[in-house]
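All remarks here apply to the structure that follows.
Only the coordinates and a few stated rules stand behind these numbers; no lab work does. Everything numeric in this text was worked out from a predicted model, so none of it was measured. In this analysis, Cβ positions are derived from the backbone assuming ideal geometry, glycine residues included, and neighbour counts consider all displayed protein chains.
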Amino acid sequence: MDPVLSAREAVAAAIQEFGTSLAVLSSFQREDVALTDLVLTVAPGVRVLTLDTGRVPPATDAIIAAIEARYSVKVERIIPDQAEVHAMVAQHGLNLFYDNVPNRMLCCDIRKSRPLKLGLAGIAAYFTGLRRAQAKSRANIEVFDRSAEQVKVSPLADWSTDDVVRYTTERGLPEHALYTAGYTSIGCDPCTRAIVAGEDERAGRWWWESEDAVKECGLHFTADGKAERTVDVLLREVLTVAQRA
Ligand code: SF4
């Protein structure tokens, strides 16, 4: 089936099922921009959310402005709890993620997963730009993932990278400036780099970690149980300090 047609069908089915209790979650990578275009051309009122971790690249502001102007929407920024961020930085340093995987997951927990949970409260479902071809860890994603509190809808699950580029080019959509610098996946500034030929699309994410580490932040997938137990301990320590603040 034509990938654009199948994505539009998934968007329409989600809108029919969830009505206004839906949002687009975007980090403004190419697939997120394509997804936003697909959703807002079908249902212009759908909310657009983004995680503003405090460490996103400056160029992200420019594409947010371009999206707001093109679709006449206000992108809603979900930000982390500042007391939790301060407690984490005081205990482990601003760039704790370079030290080890549990520290990196702790930072993603504080700056992404915990705020997202609050940001999605009251929403039945949200759209993501996840694609199976992006990485091995995404090979089995479902278009409708009903395993968590909010249904996660990924209309581009079947799309190849070429499908994404073709769609964004044909539609003349805005593009994050870091693609011209060789980035193929865009996340927080200190945790993302450009890739070299032959590398996996997500190889630029947390590039200092071993090949075996799961290149995911916990928003969509979890790491191995041992790392998670370590993160649980670190998180409890940070939250104890934050709650005293
Ligand atoms: S991607 Fe890096 S800076 Fe961003 S939340 Fe995760 S560890 Fe922290």
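Here's the picture: a label point sits 7 Å out from the Cα of residue 100 along the beta-carbon direction, and within segment 230-245 the residues with their amide nitrogen under 16 Å of it are 230-238. Under 5 Å from the amide H of residue 48 lie the amide H atoms of 24, 76, each residue being 5 or more positions distant or on a separate chain, with H modelled from the backbone and absent for Pro and chain starts. A Förster radius of 25 Å, combined with the Cβ-Cβ distance separating residue 89 from residue 124, puts the computed FRET efficiency at roughly 0.15.
Do any chymotrypsin sites (Phe, Trp or Tyr not before Pro) in segment 99-160 lie in a loop, going by DSSP, with at most 14 other beta-carbon atoms within 10 Å of their beta carbon, and if so which? Display every interim value, and only then the final one.
On the way: sites: 126, 127, 144, 159; in loops: 159.
Counting only loop positions with at most 14 other Cβ atoms within 10 Å, none of the chymotrypsin sites (Phe, Trp or Tyr not before Pro) in segment 99-160 qualifies.
The relative contact order of the chain comes to 24 percent, based on Cα pairs under 8 Å that sit 6 or more residues apart. When you count the other C-beta atoms within 10 angstrom of each residue and take the mean per peptide, 237-245, 103-111, 175-183 line up highest first as 103-111, 175-183, 237-245. Coupling constants for segment 43-50 follow from the phi torsions by the Karplus curve (6.51 cos²θ - 1.76 cosθ + 1.60, θ = phi - 60°), and in residue order they are 9, x, x, 5, 5, 10, 10, 9 Hz; glycine and proline get x.
Diffusion of the chain by Stokes-Einstein, at 20 °C in a medium of 1.002 mPa s and with Rh set to the Kirkwood radius over alpha-carbon pairs, works out to 115 µm²/s.
Over the C-alpha atoms of segment 41-97, the Rg to Rh ratio, Rh being the Kirkwood estimate, stands at 1.12.
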